[in-house]
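In what follows, a structure is listed as structure tokens, so that the remarks can point back to it.
The values are calculated or read from the model by the stated rules, or taken from the named source; none is laboratory data. From a predicted model like this one, the values you see are computed outputs, not experimental measurements. All Cβ positions, glycine included, derive from the backbone under ideal geometry; neighbour counts span all protein chains shown. Just so you know, the surface numbers come from the protein's heavy atoms only, side chains and all, with ligands and any DNA or RNA stripped out. Shrake-Rupley method; radii C 1.70, N 1.55, O 1.52, S 1.80 Å.
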Amino acid sequence: MAMIPAPAGTGIVFRRTDLAGRGVSIPADWRHVADMPMCTAIEADGIQIATIEHVMAALAGGGIDNLLIEVQGPELPIMDGSAWGFVFMIECAGVVELETPRRFVKILRPVTLSAGGRSVSLRPGEGFSIDFEVDYGAGAIAPQRCEVELVDGAFKNELSRARTFGFLHEVDALRAAGLARGASLENAIVVTHDGVLNEGGLRFPDEFVRHKALDALGDLYLAGAPIMGRFEGRRSGHKLNHRLLRALFQRRDAWCWSDSNAAASPSPEPKRVAGLRG
Ligand SMILES: [Zn+2]
């Protein structure tokens, strides 16, 4: 994959550059979400790009509004299962602040969805914050909760290194179904009933919930702009996060556009960074 600077107004756009993708461009937008298990994928003209959630989280966390991402193949590199590699790319390239004010999706009224013990909601709030809870019942992962306010550096320090995870029995079942063939201890935490298989252990005691918050941040960036408000997730996953965006945009009274010049601008003032340096 390659990150390529883009002018104001572009948004985040992915482009398949392999032969099968035929140079198709797909905006990273909730209207283009494809139905795919276990990850976030987008599609256009029958062409898909999968596993975009971790790079989307890195872009949301780094305040990148405009970028073209070229991908040679049907999915993004998994890296180490976290967003750290993408944060590293962004830092190496550098970020340019554009003249155009940043545009936000400002939450005006609460929007909540719940199903089968899972729930998600977006509420009005200053800046953007995430409050996430996981509970896998009895097992190696204790109930965990994480609250993060997305101010400067918070994504990089608190969330970006948290890795994706899977349960050993699920990994076996996925492999049997021909999926997750690239899954290994190098790119995921593998959980058994009494601990994790990875030799180095966990990067944070609550790495699991931090990763779920990272995923939610990436999924919500499919709003097409950063959200100004508070996200609350209880045992949520990609599908419910996507449904929440659809529900939000179906309720015209629940949100409005706001820009970083508006009087209602959140404090602390968000960075107006907006593209990668070439
Ligand atoms: Zn993930």
Inset, instruction - Please determine, by comparing only the residues of the range 166-206 that are in contact with a strand residue (DSSP E or B) (Cβ under 7 Å, 6 or more places away or on another chain) and in a helix (DSSP H, G or I), which one is farthest from Asp29 (Cα to Cα). - result: Leu168
Inset, instruction - Six or more apart or on different chains, Cβ under 7 Å: which pairs go from a residue in the range 218-245 that's farther than 16 Å from Asp35 by Cα and in a helix (DSSP H, G or I) to one that's open to solvent by 30 Å² or more (accessible area, probe 1.4 Å) and not hydroxyl-bearing (Ser, Thr, Tyr)? Could you list them? - result: Ala223/Trp30
Legend entry - Residue count, the range 122-139 (criterion: open to solvent by 70 Å² or more (accessible area, probe 1.4 Å) and under 25 Å from Asp152 (Cα atoms)): 2
Legend entry - Residue list for the range 75-108, restricted to those being open to solvent by 60 Å² or more (accessible area, probe 1.4 Å) and not in a loop (DSSP other than H, G, I, E, B): Glu75, Trp84, Phe88, Glu91, Cys92, Glu97, Arg103
Inset, instruction - Select, from Leu214, Leu202, Leu185, Leu197, the only residue that is within 15 Å of the ligand (Cβ to nearest atom) and touching a residue at least 12 places away in the same chain (Cβ under 8 Å). - result: Leu214
Legend entry - In the range 33-49, the residues that are of a type in the set (S, T, N, Q) and within 16 Å of the ligand (Cβ to nearest atom): Thr40
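Yes/no per residue for (1) touching a Phe, Trp or Tyr at 6+ places or on another chain (Cβ under 7 Å); (2) within 18 Å of His238 (Cα to Cα):
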| site | (1), (2) |
| --- | --- |
| Trp84 | no, no |
| Val87 | no, no |
| Pro110 | no, no |
| Gly139 | no, no |
| Arg161 | yes, no |
| Leu174 | no, yes |
Legend entry - Selected residue (criterion: farthest from Ser160 (Cα to Cα)) from residues of the range 43-63 that are surrounded by 24 or more Cβ atoms within 10 Å (Cβ to Cβ) and among the β-branched types (Val, Ile, Thr): Ile49
Inset, instruction - Tell me which of these Phe167 doesn't satisfy, since it passes every other one: (1) modelled with pLDDT of 90 or more; (2) within 15 Å of the ligand (Cβ to nearest atom); (3) under 20 Å from Arg235 (Cα atoms); (4) surrounded by fewer than 22 Cβ atoms within 10 Å (Cβ to Cβ). - result: (1)
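Listed here are the residues, each with its yes/no results for (1) closer than 19 Å to Leu245 by Cβ; (2) in contact with a strand residue (DSSP E or B) (Cβ under 9 Å, 6 or more places away or on another chain).
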| residue | (1), (2) |
| --- | --- |
| Ile52 | yes, yes |
| Met56 | yes, yes |
| Gly61 | yes, no |
| Gln72 | no, yes |
| Ile78 | no, no |
